[in-house]
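Okay, structure first, notes after.
The values are calculated or read from the model by the stated rules, or taken from the named source; none is laboratory data. From a predicted model like this one, the values you see are computed outputs, not experimental measurements. Please note: Cβ atoms are built from the backbone with ideal geometry, for glycine as well, and neighbour counts cover all protein chains shown. For the accessible areas, the whole protein counts, side chains as well, though only heavy atoms, and no ligand, DNA or RNA atoms are used. Shrake-Rupley method; radii C 1.70, N 1.55, O 1.52, S 1.80 Å.
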Amino acid sequence: MSTATAGATRLEKDSLGTKEIPSNVYYGIQTLRAVENYPISGMRAHPTLIRAFGMVKQAAAEANKELRLLDEKRANAIIQAAKDVQTGKFNDSFVVDVFQAGAGVSFHMNSNEVIANRAVEILGGALGDASVVHPNDHVNYGQSTNDVFPTGMRLATLLELAKLYPALDSLSEALEEKGKEFHGILKSGRTHMQDAVPMRLGQEFAAYAGAIRRATAAVKQSSEYLRELGLGGSAVGTGINTHPDYREKAITHLARISGQSVRPVDDMRYAMQSNLAMAAVSSALRNLSLEVIRISNDLRLISSGPNTGLAEVNLPGLQPGSSIMPGKINPVMPELAAMVAFQVVGNDVAVAMAVQAGQLELNVMMPTMSYSVLQSITILTNMLRQFTDKCVAGLTANESRCAFYTQATVSLATALNPYIGYAKAAEIVKESGSITIRVFVEVATLLINKSSSPPGT
(Lines give C-alpha, C1' and ligand atoms only; values in the text may rest on other atoms or scores of the structure.)
Protein backbone atom coordinates (compact mmCIF):
# COMPACT_ATOMS: atom_id res chain seq x y z
CA MET A 1 0.00 0.00 0.00
CA SER A 2 1.07 3.57 -0.64
CA THR A 3 3.17 5.24 2.03
CA ALA A 4 2.98 8.72 0.49
CA THR A 5 2.46 11.55 2.93
CA ALA A 6 -1.18 12.48 3.51
CA GLY A 7 -1.83 16.03 2.35
CA ALA A 8 0.85 15.95 -0.33
CA THR A 9 -0.21 16.04 -3.97
CA ARG A 10 0.96 14.86 -7.35
CA LEU A 11 0.36 16.57 -10.70
CA GLU A 12 -1.47 14.57 -13.36
CA LYS A 13 -2.35 15.51 -16.91
CA ASP A 14 -5.06 14.44 -19.32
CA SER A 15 -6.44 15.81 -22.61
CA LEU A 16 -8.26 18.60 -20.77
CA GLY A 17 -5.30 19.84 -18.74
CA THR A 18 -3.64 19.18 -15.40
CA LYS A 19 -4.90 18.68 -11.85
CA GLU A 20 -3.43 18.18 -8.41
CA ILE A 21 -4.21 14.69 -7.07
CA PRO A 22 -3.65 13.60 -3.46
CA SER A 23 -0.36 11.75 -3.66
CA ASN A 24 -1.50 8.73 -1.64
CA VAL A 25 -4.64 7.79 -3.58
CA TYR A 26 -4.84 5.04 -6.17
CA TYR A 27 -7.30 6.77 -8.47
CA GLY A 28 -6.20 9.42 -10.93
CA ILE A 29 -7.19 12.57 -12.78
CA GLN A 30 -10.17 11.18 -14.70
CA THR A 31 -11.66 9.79 -11.50
CA LEU A 32 -11.16 13.13 -9.75
CA ARG A 33 -12.94 14.97 -12.56
CA ALA A 34 -15.89 12.59 -12.19
CA VAL A 35 -16.00 13.13 -8.42
CA GLU A 36 -16.14 16.88 -9.00
CA ASN A 37 -18.75 16.60 -11.74
CA TYR A 38 -21.15 14.15 -10.08
CA PRO A 39 -21.71 14.94 -6.38
CA ILE A 40 -25.20 13.44 -6.69
CA SER A 41 -26.14 10.72 -4.19
CA GLY A 42 -23.09 9.99 -2.08
CA MET A 43 -23.54 6.33 -3.02
CA ARG A 44 -20.67 4.42 -4.57
CA ALA A 45 -20.39 1.33 -6.73
CA HIS A 46 -21.73 -1.97 -5.44
CA PRO A 47 -18.86 -4.10 -4.07
CA THR A 48 -19.79 -6.95 -6.40
CA LEU A 49 -19.51 -4.65 -9.42
CA ILE A 50 -16.00 -3.67 -8.29
CA ARG A 51 -15.13 -7.34 -7.85
CA ALA A 52 -16.51 -8.20 -11.28
CA PHE A 53 -14.47 -5.44 -12.92
CA GLY A 54 -11.37 -6.80 -11.21
CA MET A 55 -12.15 -10.17 -12.78
CA VAL A 56 -12.67 -8.65 -16.24
CA LYS A 57 -9.38 -6.74 -16.04
CA GLN A 58 -7.53 -9.84 -14.88
CA ALA A 59 -8.99 -11.88 -17.74
CA ALA A 60 -8.09 -9.19 -20.28
CA ALA A 61 -4.52 -8.95 -19.01
CA GLU A 62 -4.11 -12.72 -19.09
CA ALA A 63 -5.36 -12.83 -22.68
CA ASN A 64 -3.10 -9.95 -23.73
CA LYS A 65 -0.13 -11.60 -22.03
CA GLU A 66 -0.86 -14.90 -23.74
CA LEU A 67 -1.08 -13.13 -27.10
CA ARG A 68 2.13 -11.18 -26.32
CA LEU A 69 0.32 -7.87 -26.62
CA LEU A 70 1.52 -6.90 -23.13
CA ASP A 71 5.01 -7.62 -21.87
CA GLU A 72 5.12 -10.24 -19.15
CA LYS A 73 6.35 -7.90 -16.42
CA ARG A 74 3.55 -5.37 -16.85
CA ALA A 75 0.94 -8.04 -17.46
CA ASN A 76 1.83 -9.88 -14.25
CA ALA A 77 1.63 -6.66 -12.24
CA ILE A 78 -1.77 -5.83 -13.74
CA ILE A 79 -3.01 -9.35 -13.06
CA GLN A 80 -1.92 -9.13 -9.42
CA ALA A 81 -3.44 -5.67 -9.05
CA ALA A 82 -6.73 -6.90 -10.51
CA LYS A 83 -6.71 -9.79 -8.05
CA ASP A 84 -6.15 -7.34 -5.22
CA VAL A 85 -9.18 -5.36 -6.37
CA GLN A 86 -11.26 -8.55 -6.29
CA THR A 87 -10.51 -9.05 -2.61
CA GLY A 88 -12.16 -5.73 -1.72
CA LYS A 89 -8.96 -4.17 -0.33
CA PHE A 90 -9.29 -1.23 -2.71
CA ASN A 91 -13.04 -0.62 -2.51
CA ASP A 92 -12.43 2.74 -0.83
CA SER A 93 -10.58 3.85 -3.95
CA PHE A 94 -13.72 3.53 -6.08
CA VAL A 95 -15.11 6.96 -5.37
CA VAL A 96 -17.30 7.81 -8.37
CA ASP A 97 -20.99 8.32 -7.59
CA VAL A 98 -23.38 5.64 -8.88
CA PHE A 99 -25.13 8.38 -10.88
CA GLN A 100 -22.54 9.53 -13.39
CA ALA A 101 -21.80 10.03 -17.06
CA GLY A 102 -23.44 7.66 -19.51
CA ALA A 103 -22.10 4.21 -20.30
CA GLY A 104 -20.10 4.08 -17.05
CA VAL A 105 -16.95 5.66 -18.50
CA SER A 106 -16.13 7.31 -15.18
CA PHE A 107 -16.42 4.10 -13.17
CA HIS A 108 -14.45 2.23 -15.81
CA MET A 109 -11.63 4.77 -15.71
CA ASN A 110 -11.74 4.66 -11.92
CA SER A 111 -11.09 0.91 -12.27
CA ASN A 112 -8.31 1.39 -14.82
CA GLU A 113 -6.56 4.02 -12.70
CA VAL A 114 -6.75 2.05 -9.46
CA ILE A 115 -5.43 -1.11 -11.11
CA ALA A 116 -2.72 0.82 -12.95
CA ASN A 117 -1.48 2.55 -9.81
CA ARG A 118 -1.56 -0.65 -7.79
CA ALA A 119 0.46 -2.31 -10.59
CA VAL A 120 2.92 0.62 -10.53
CA GLU A 121 3.30 0.12 -6.81
CA ILE A 122 3.88 -3.62 -7.26
CA LEU A 123 6.66 -2.79 -9.73
CA GLY A 124 8.24 -0.36 -7.28
CA GLY A 125 7.19 2.87 -8.96
CA ALA A 126 5.50 5.97 -7.58
CA LEU A 127 1.74 6.34 -7.72
CA GLY A 128 0.73 8.31 -10.78
CA ASP A 129 3.75 7.29 -12.88
CA ALA A 130 1.89 6.17 -16.00
CA SER A 131 5.17 5.43 -17.78
CA VAL A 132 5.40 2.28 -15.66
CA VAL A 133 1.80 1.14 -16.15
CA HIS A 134 -0.69 3.31 -18.03
CA PRO A 135 -4.41 3.04 -17.22
CA ASN A 136 -5.43 3.32 -20.90
CA ASP A 137 -2.50 1.91 -22.85
CA HIS A 138 -1.83 -1.10 -20.62
CA VAL A 139 -4.70 -1.88 -18.21
CA ASN A 140 -7.30 -1.07 -20.87
CA TYR A 141 -5.43 -2.56 -23.82
CA GLY A 142 -7.85 -3.87 -26.46
CA GLN A 143 -10.87 -2.76 -24.42
CA SER A 144 -13.54 -0.08 -24.42
CA THR A 145 -16.04 0.99 -21.79
CA ASN A 146 -18.65 -0.09 -24.31
CA ASP A 147 -17.75 -3.77 -24.04
CA VAL A 148 -16.22 -3.82 -20.55
CA PHE A 149 -19.11 -2.23 -18.66
CA PRO A 150 -21.83 -4.51 -20.08
CA THR A 151 -19.58 -7.49 -19.36
CA GLY A 152 -18.82 -6.38 -15.79
CA MET A 153 -22.48 -5.54 -15.15
CA ARG A 154 -23.70 -8.91 -16.34
CA LEU A 155 -21.02 -10.80 -14.45
CA ALA A 156 -21.71 -8.86 -11.24
CA THR A 157 -25.40 -9.70 -11.54
CA LEU A 158 -24.61 -13.42 -11.91
CA LEU A 159 -22.32 -13.29 -8.89
CA GLU A 160 -24.89 -11.51 -6.76
CA LEU A 161 -27.71 -13.83 -7.87
CA ALA A 162 -25.65 -16.76 -6.59
CA LYS A 163 -26.21 -15.35 -3.09
CA LEU A 164 -29.96 -14.92 -3.63
CA TYR A 165 -30.78 -18.50 -4.62
CA PRO A 166 -29.94 -20.11 -1.24
CA ALA A 167 -32.11 -17.53 0.52
CA LEU A 168 -35.01 -18.33 -1.81
CA ASP A 169 -34.52 -22.05 -1.33
CA SER A 170 -34.56 -21.61 2.43
CA LEU A 171 -37.81 -19.65 2.26
CA SER A 172 -39.59 -22.19 0.06
CA GLU A 173 -38.37 -25.04 2.30
CA ALA A 174 -39.59 -23.24 5.42
CA LEU A 175 -43.00 -22.67 3.83
CA GLU A 176 -43.18 -26.30 2.74
CA GLU A 177 -42.34 -27.39 6.28
CA LYS A 178 -45.19 -25.28 7.63
CA GLY A 179 -47.43 -26.86 5.01
CA LYS A 180 -46.68 -30.28 6.48
CA GLU A 181 -46.84 -29.09 10.09
CA PHE A 182 -50.26 -27.47 9.59
CA HIS A 183 -51.76 -30.19 7.40
CA GLY A 184 -54.17 -31.41 10.06
CA ILE A 185 -55.58 -27.96 10.84
CA LEU A 186 -58.84 -26.93 9.13
CA LYS A 187 -59.61 -23.25 8.65
CA SER A 188 -62.07 -21.16 6.72
CA GLY A 189 -60.96 -20.25 3.24
CA ARG A 190 -61.64 -16.69 2.09
CA THR A 191 -62.33 -15.26 -1.34
CA HIS A 192 -63.18 -11.61 -1.99
CA MET A 193 -62.18 -11.19 1.67
CA GLN A 194 -65.42 -13.03 2.55
CA ASP A 195 -66.00 -16.45 4.11
CA ALA A 196 -65.43 -19.32 1.70
CA VAL A 197 -65.29 -23.11 2.02
CA PRO A 198 -62.93 -24.66 4.55
CA MET A 199 -59.41 -25.73 3.64
CA ARG A 200 -56.33 -26.89 5.46
CA LEU A 201 -53.99 -24.29 6.88
CA GLY A 202 -51.17 -26.47 5.55
CA GLN A 203 -52.53 -26.19 2.01
CA GLU A 204 -52.34 -22.41 2.26
CA PHE A 205 -48.65 -22.53 3.18
CA ALA A 206 -47.82 -25.23 0.64
CA ALA A 207 -49.24 -22.93 -2.04
CA TYR A 208 -46.97 -20.11 -0.86
CA ALA A 209 -43.99 -22.44 -1.23
CA GLY A 210 -45.07 -23.30 -4.76
CA ALA A 211 -45.23 -19.65 -5.72
CA ILE A 212 -41.72 -18.96 -4.41
CA ARG A 213 -40.32 -22.02 -6.19
CA ARG A 214 -41.80 -20.89 -9.49
CA ALA A 215 -40.63 -17.31 -9.07
CA THR A 216 -37.13 -18.62 -8.30
CA ALA A 217 -37.16 -20.72 -11.46
CA ALA A 218 -38.16 -17.64 -13.47
CA VAL A 219 -35.21 -15.64 -12.08
CA LYS A 220 -32.82 -18.48 -12.93
CA GLN A 221 -34.22 -18.80 -16.43
CA SER A 222 -33.93 -15.06 -17.11
CA SER A 223 -30.34 -15.01 -15.85
CA GLU A 224 -29.19 -17.25 -18.72
CA TYR A 225 -29.13 -14.19 -20.98
CA LEU A 226 -26.47 -12.69 -18.71
CA ARG A 227 -24.02 -15.43 -19.69
CA GLU A 228 -23.68 -14.12 -23.25
CA LEU A 229 -20.81 -11.61 -23.16
CA GLY A 230 -19.70 -9.07 -25.74
CA LEU A 231 -16.20 -8.61 -24.30
CA GLY A 232 -13.87 -8.03 -27.24
CA GLY A 233 -16.45 -6.01 -29.15
CA SER A 234 -14.53 -2.82 -28.37
CA ALA A 235 -16.23 0.48 -29.25
CA VAL A 236 -19.21 -0.53 -31.42
CA GLY A 237 -19.11 -4.31 -31.43
CA THR A 238 -16.77 -4.74 -34.39
CA GLY A 239 -13.71 -5.64 -32.30
CA ILE A 240 -11.61 -2.75 -33.57
CA ASN A 241 -8.09 -2.64 -32.05
CA THR A 242 -8.36 -6.19 -30.72
CA HIS A 243 -6.45 -9.32 -31.69
CA PRO A 244 -8.59 -11.89 -33.57
CA ASP A 245 -8.08 -14.41 -30.75
CA TYR A 246 -8.43 -11.94 -27.86
CA ARG A 247 -12.20 -12.23 -27.44
CA GLU A 248 -12.34 -16.00 -27.02
CA LYS A 249 -9.27 -16.15 -24.80
CA ALA A 250 -10.43 -13.30 -22.53
CA ILE A 251 -13.87 -14.82 -21.97
CA THR A 252 -12.37 -18.27 -21.38
CA HIS A 253 -10.13 -16.78 -18.70
CA LEU A 254 -13.09 -14.86 -17.26
CA ALA A 255 -15.15 -18.04 -16.94
CA ARG A 256 -12.32 -19.70 -15.03
CA ILE A 257 -11.67 -16.68 -12.79
CA SER A 258 -15.32 -16.07 -11.93
CA GLY A 259 -16.52 -19.66 -11.75
CA GLN A 260 -19.45 -18.65 -13.97
CA SER A 261 -20.29 -20.41 -17.22
CA VAL A 262 -20.08 -17.30 -19.37
CA ARG A 263 -19.54 -17.49 -23.13
CA PRO A 264 -18.98 -15.23 -26.14
CA VAL A 265 -22.23 -13.91 -27.57
CA ASP A 266 -22.99 -14.83 -31.16
CA ASP A 267 -23.44 -11.17 -32.15
CA MET A 268 -21.31 -8.55 -30.40
CA ARG A 269 -23.41 -5.71 -31.82
CA TYR A 270 -26.48 -7.13 -30.08
CA ALA A 271 -24.61 -7.32 -26.77
CA MET A 272 -23.74 -3.64 -27.04
CA GLN A 273 -27.02 -2.28 -28.37
CA SER A 274 -29.41 -4.31 -26.23
CA ASN A 275 -29.78 -4.78 -22.50
CA LEU A 276 -32.50 -7.38 -22.76
CA ALA A 277 -30.56 -9.47 -20.24
CA MET A 278 -30.80 -6.83 -17.53
CA ALA A 279 -34.46 -6.14 -18.29
CA ALA A 280 -35.30 -9.84 -18.07
CA VAL A 281 -33.60 -10.31 -14.71
CA SER A 282 -35.06 -7.12 -13.27
CA SER A 283 -38.53 -8.14 -14.41
CA ALA A 284 -38.15 -11.57 -12.82
CA LEU A 285 -37.02 -9.94 -9.57
CA ARG A 286 -40.09 -7.69 -9.72
CA ASN A 287 -42.38 -10.69 -10.19
CA LEU A 288 -40.70 -12.47 -7.29
CA SER A 289 -41.25 -9.35 -5.20
CA LEU A 290 -44.93 -9.27 -6.08
CA GLU A 291 -45.26 -12.79 -4.68
CA VAL A 292 -43.37 -11.80 -1.54
CA ILE A 293 -45.66 -8.79 -1.07
CA ARG A 294 -48.75 -10.96 -1.49
CA ILE A 295 -47.53 -13.57 1.00
CA SER A 296 -46.43 -10.94 3.52
CA ASN A 297 -49.85 -9.27 3.25
CA ASP A 298 -51.54 -12.63 3.92
CA LEU A 299 -49.38 -13.22 6.98
CA ARG A 300 -50.29 -9.81 8.33
CA LEU A 301 -53.98 -10.59 7.85
CA ILE A 302 -54.09 -14.09 9.29
CA SER A 303 -51.95 -13.04 12.27
CA SER A 304 -53.95 -9.86 12.92
CA GLY A 305 -55.30 -9.31 16.41
CA PRO A 306 -54.59 -10.97 18.69
CA ASN A 307 -58.07 -10.30 20.08
CA THR A 308 -59.81 -8.27 17.38
CA GLY A 309 -58.36 -9.78 14.20
CA LEU A 310 -58.19 -13.16 12.50
CA ALA A 311 -55.38 -14.51 14.68
CA GLU A 312 -55.17 -17.86 12.89
CA VAL A 313 -51.39 -17.91 13.20
CA ASN A 314 -48.99 -16.42 15.70
CA LEU A 315 -45.86 -14.66 14.44
CA PRO A 316 -42.73 -14.60 16.59
CA GLY A 317 -42.65 -11.54 18.85
CA LEU A 318 -39.45 -9.74 17.96
CA GLN A 319 -39.72 -6.26 19.49
CA PRO A 320 -42.17 -3.87 21.15
CA GLY A 321 -44.53 -2.46 18.55
CA SER A 322 -45.56 0.85 20.00
CA SER A 323 -44.10 3.80 21.81
CA ILE A 324 -47.40 4.39 23.59
CA MET A 325 -49.36 1.08 23.75
CA PRO A 326 -47.78 -1.35 26.24
CA GLY A 327 -47.49 -4.95 25.13
CA LYS A 328 -48.28 -4.30 21.47
CA ILE A 329 -46.35 -6.60 19.07
CA ASN A 330 -46.33 -5.79 15.36
CA PRO A 331 -45.74 -8.08 12.33
CA VAL A 332 -42.41 -6.43 11.67
CA MET A 333 -40.93 -9.04 9.35
CA PRO A 334 -43.87 -9.12 6.91
CA GLU A 335 -43.79 -5.31 6.98
CA LEU A 336 -40.07 -5.34 6.21
CA ALA A 337 -40.59 -7.86 3.42
CA ALA A 338 -43.20 -5.69 1.75
CA MET A 339 -41.12 -2.51 1.95
CA VAL A 340 -38.05 -4.17 0.46
CA ALA A 341 -40.19 -5.68 -2.29
CA PHE A 342 -41.70 -2.25 -3.03
CA GLN A 343 -38.17 -0.91 -3.57
CA VAL A 344 -37.42 -3.76 -5.99
CA VAL A 345 -40.58 -2.99 -7.96
CA GLY A 346 -39.50 0.66 -8.14
CA ASN A 347 -36.00 -0.32 -9.22
CA ASP A 348 -37.50 -2.34 -12.05
CA VAL A 349 -39.22 0.77 -13.37
CA ALA A 350 -35.86 2.56 -13.44
CA VAL A 351 -34.26 -0.40 -15.23
CA ALA A 352 -37.08 -0.58 -17.78
CA MET A 353 -36.73 3.12 -18.59
CA ALA A 354 -32.95 2.75 -18.92
CA VAL A 355 -33.14 -0.35 -21.11
CA GLN A 356 -35.45 1.30 -23.63
CA ALA A 357 -33.30 4.45 -23.75
CA GLY A 358 -30.50 3.07 -25.93
CA GLN A 359 -29.66 4.62 -29.27
CA LEU A 360 -28.01 2.96 -32.24
CA GLU A 361 -24.81 1.13 -31.25
CA LEU A 362 -24.90 1.72 -27.50
CA ASN A 363 -27.16 2.11 -24.49
CA VAL A 364 -25.45 4.67 -22.26
CA MET A 365 -27.83 4.21 -19.30
CA MET A 366 -25.99 1.18 -17.93
CA PRO A 367 -24.83 2.69 -14.61
CA THR A 368 -28.39 3.04 -13.33
CA MET A 369 -29.29 -0.46 -14.60
CA SER A 370 -26.34 -1.92 -12.75
CA TYR A 371 -27.03 -0.03 -9.53
CA SER A 372 -30.75 -0.84 -9.53
CA VAL A 373 -30.47 -4.55 -10.29
CA LEU A 374 -27.59 -5.17 -7.89
CA GLN A 375 -29.33 -3.26 -5.11
CA SER A 376 -32.52 -5.25 -5.71
CA ILE A 377 -30.70 -8.57 -5.45
CA THR A 378 -28.78 -7.55 -2.34
CA ILE A 379 -31.73 -6.21 -0.36
CA LEU A 380 -33.91 -9.16 -1.39
CA THR A 381 -31.23 -11.61 -0.27
CA ASN A 382 -30.76 -9.93 3.10
CA MET A 383 -34.48 -9.50 3.69
CA LEU A 384 -35.36 -13.09 2.74
CA ARG A 385 -32.84 -14.48 5.21
CA GLN A 386 -34.41 -12.47 8.04
CA PHE A 387 -37.96 -13.11 6.90
CA THR A 388 -37.36 -16.87 6.80
CA ASP A 389 -35.43 -17.18 10.06
CA LYS A 390 -37.32 -14.66 12.18
CA CYS A 391 -40.84 -15.05 10.84
CA VAL A 392 -41.75 -18.12 8.78
CA ALA A 393 -39.64 -20.67 10.65
CA GLY A 394 -41.04 -19.61 14.03
CA LEU A 395 -44.72 -18.99 13.32
CA THR A 396 -47.28 -21.25 14.97
CA ALA A 397 -50.94 -22.04 14.38
CA ASN A 398 -53.76 -20.93 16.64
CA GLU A 399 -55.73 -24.16 16.25
CA SER A 400 -58.69 -23.15 18.36
CA ARG A 401 -59.24 -19.97 16.34
CA CYS A 402 -58.93 -21.87 13.07
CA ALA A 403 -61.47 -24.43 14.31
CA PHE A 404 -63.88 -21.68 15.35
CA TYR A 405 -63.82 -20.09 11.89
CA THR A 406 -64.12 -23.47 10.20
CA GLN A 407 -67.36 -24.16 12.05
CA ALA A 408 -68.66 -20.61 11.86
CA THR A 409 -68.59 -20.16 8.09
CA VAL A 410 -71.92 -20.72 6.37
CA SER A 411 -69.95 -21.58 3.23
CA LEU A 412 -69.83 -25.09 4.67
CA ALA A 413 -73.18 -25.47 2.99
CA THR A 414 -71.24 -25.79 -0.29
CA ALA A 415 -70.48 -29.38 0.68
CA LEU A 416 -74.23 -30.10 0.53
CA ASN A 417 -74.54 -29.01 -3.14
CA PRO A 418 -74.02 -32.50 -4.63
CA TYR A 419 -76.70 -33.94 -2.33
CA ILE A 420 -79.48 -31.33 -2.23
CA GLY A 421 -78.46 -28.86 -4.93
CA TYR A 422 -77.19 -25.27 -4.87
CA ALA A 423 -80.60 -23.62 -4.48
CA LYS A 424 -81.71 -25.67 -1.48
CA ALA A 425 -78.33 -25.25 0.19
CA ALA A 426 -78.64 -21.49 -0.30
CA GLU A 427 -82.11 -21.58 1.28
CA ILE A 428 -80.75 -23.40 4.31
CA VAL A 429 -78.04 -20.76 4.70
CA LYS A 430 -80.58 -17.98 4.40
CA GLU A 431 -83.28 -19.37 6.66
CA SER A 432 -81.41 -21.53 9.15
CA GLY A 433 -81.30 -20.84 12.86
CA SER A 434 -78.36 -21.67 15.07
CA ILE A 435 -79.49 -25.27 15.64
CA THR A 436 -79.87 -26.00 11.93
CA ILE A 437 -76.52 -24.35 11.25
CA ARG A 438 -74.85 -26.65 13.76
CA VAL A 439 -76.43 -29.64 12.05
CA PHE A 440 -75.27 -28.82 8.54
CA VAL A 441 -71.87 -27.72 9.89
CA GLU A 442 -71.39 -31.18 11.36
CA VAL A 443 -72.62 -32.90 8.20
CA ALA A 444 -70.57 -30.71 5.89
CA THR A 445 -67.44 -31.14 8.01
CA LEU A 446 -67.79 -34.90 7.82
CA LEU A 447 -68.16 -34.72 4.05
CA ILE A 448 -65.13 -32.46 3.69
CA ASN A 449 -62.97 -34.68 5.87
CA LYS A 450 -64.10 -37.72 3.92
CA SER A 451 -63.07 -36.20 0.59
CA SER A 452 -60.05 -34.28 1.83
CA SER A 453 -57.10 -34.25 -0.56
CA PRO A 454 -53.56 -35.19 0.45
CA PRO A 455 -51.03 -32.44 1.34
CA GLY A 456 -50.24 -29.97 -1.41
CA THR A 457 -53.32 -30.71 -3.54
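The table for this structure:
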{"quantity": "Close pairs (7 angstrom Cβ cut-off, 6 or more residues apart or separate chains): open to solvent by 10 Å² or more (accessible area, probe 1.4 Å) in the stretch 363-375, among the aliphatic types (A, V, I, L, M) anywhere", "calculated": "Val364/Ala103; Met365/Ala354; Met365/Ala357; Pro367/Val98; Thr368/Ala350; Thr368/Ala354; Tyr371/Val98"}
{"quantity": "Cβ pairs under 6 Å, 6+ apart, first in the stretch 105-129 and closer than 10 Å to Val139 by Cβ, second polar (S, T, N, Q) and outside any helix (DSSP H, G or I)", "calculated": "Asn112/Asn140"}
{"quantity": "Residue within the stretch 183-203 that is in contact (Cβ under 8 Å) with a residue 60 or more places away in the chain, of a type in the set (Val, Ile, Thr), open to solvent by less than 60 Å² (accessible area, probe 1.4 Å) and assigned to a helix (DSSP H, G or I) present", "calculated": "no"}
{"quantity": "Number of positions in the stretch 398-416 that are open to solvent by 20 Å² or more (accessible area, probe 1.4 Å), of a type in the set (S, T, N, Q) and either in contact with an Asp or Glu (Cβ under 9 Å, 6 or more places away or on another chain) or modelled with pLDDT under 85 (or both)", "calculated": "4"}
{"quantity": "Selected residue (only one of Arg256, Arg300, Arg247 is basic (Lys, Arg) and crowded, with 23+ Cβ neighbours inside 10 Å)", "calculated": "Arg247"}
{"quantity": "Residues being assigned to a loop (DSSP other than H, G, I, E, B), more than 18 Å from Ala174 (Cα to Cα), touching a residue at least 12 places away in the same chain (Cβ under 8 Å) and among the aliphatic types (A, V, I, L, M) - total across the stretch 305-343", "calculated": "3"}
{"quantity": "Residue, nearest to Val98 (Cα to Cα), within the stretch 314-350, restricted to residues that are in contact with a strand residue (DSSP E or B) (Cβ under 9 Å, 6 or more places away or on another chain) and open to solvent by 90 Å² or more (accessible area, probe 1.4 Å)", "calculated": "Gln319"}
{"quantity": "Identity of the residue in the stretch 115-128, touching an Asp or Glu at 6+ places or on another chain (Cβ under 9 Å) and not in a loop (DSSP other than H, G, I, E, B), that ends up farthest from Arg33 (Cα to Cα)", "calculated": "Ile122"}
{"quantity": "Those residues of the stretch 165-182 which are more than 13 Å from Arg385 (Cβ to Cβ) and crowded, with 18+ Cβ neighbours inside 10 Å, in sequence order", "calculated": "Ser172, Leu175, Glu176, Lys178, Gly179, Phe182"}
{"quantity": "Flag for Glu12 being touching a residue at least 24 places away in the same chain (Cβ under 8 Å), closer than 16 Å to Asn140 by Cβ, among the charged types (D, E, K, R) and in contact with a helix residue (DSSP H, G or I) (Cβ under 9 Å, 6 or more places away or on another chain)", "calculated": "no"}
{"quantity": "Count - residues of the stretch 65-102 that are at pLDDT below 95 and assigned to a helix (DSSP H, G or I)", "calculated": "1"}
{"quantity": "Hits in the stretch 204-240 - residues which are among the aliphatic types (A, V, I, L, M), buried (at least 17 other Cβ atoms within 10 Å of the Cβ) and either touching a Phe, Trp or Tyr at 6+ places or on another chain (Cβ under 6 Å) or without any contact (Cβ under 8 Å) to a residue 40 or more places away in the chain (or both)", "calculated": "Ala209"}
{"quantity": "Residue in the stretch 154-166 that is of a type in the set (S, T, N, Q), under 30 Å from Tyr270 (Cβ atoms) and modelled with pLDDT of 95 or more present", "calculated": "yes"}
{"quantity": "Residue check, Arg263 open to solvent by 40 Å² or more (accessible area, probe 1.4 Å) and without any contact (Cβ under 8 Å) to a residue 60 or more places away in the chain", "calculated": "yes"}
{"quantity": "Selected residue [in contact with a Ser or Thr (Cβ under 7 Å, 6 or more places away or on another chain), touching a residue at least 24 places away in the same chain (Cβ under 8 Å) and more than 22 Å from Ser258 (Cα to Cα)] from Phe99, Phe53", "calculated": "Phe99"}
{"quantity": "Failed item, numbered, when Thr191 is tested on (1) over 30 Å from Gly232 (Cα atoms); (2) in contact with a strand residue (DSSP E or B) (Cβ under 7 Å, 6 or more places away or on another chain); (3) β-branched (Val, Ile, Thr)", "calculated": "(2)"}
{"quantity": "Close pairs from the stretch 413-429: first touching a residue at least 40 places away in the same chain (Cβ under 8 Å) and under 21 Å from Ser188 (Cα atoms), partner open to solvent by 70 Å² or more (accessible area, probe 1.4 Å) and assigned to a helix (DSSP H, G or I), Cβ under 9 Å, at least 6 apart", "calculated": "Thr414/Tyr422; Ala415/Leu446"}
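To keep it simple, each residue is scored yes or no on (1) assigned to a helix (DSSP H, G or I); (2) more than 21 Å from Val120 (Cβ to Cβ); (3) of a type in the set (Lys, Arg).
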| position | (1), (2), (3) |
| --- | --- |
| Lys13 | no, no, yes |
| Glu20 | no, no, no |
| Asn24 | no, no, no |
| Thr31 | yes, no, no |
| Ser41 | no, yes, no |
| Leu49 | yes, yes, no |
| Phe53 | yes, no, no |
| Val56 | yes, no, no |
| Ala60 | yes, no, no |
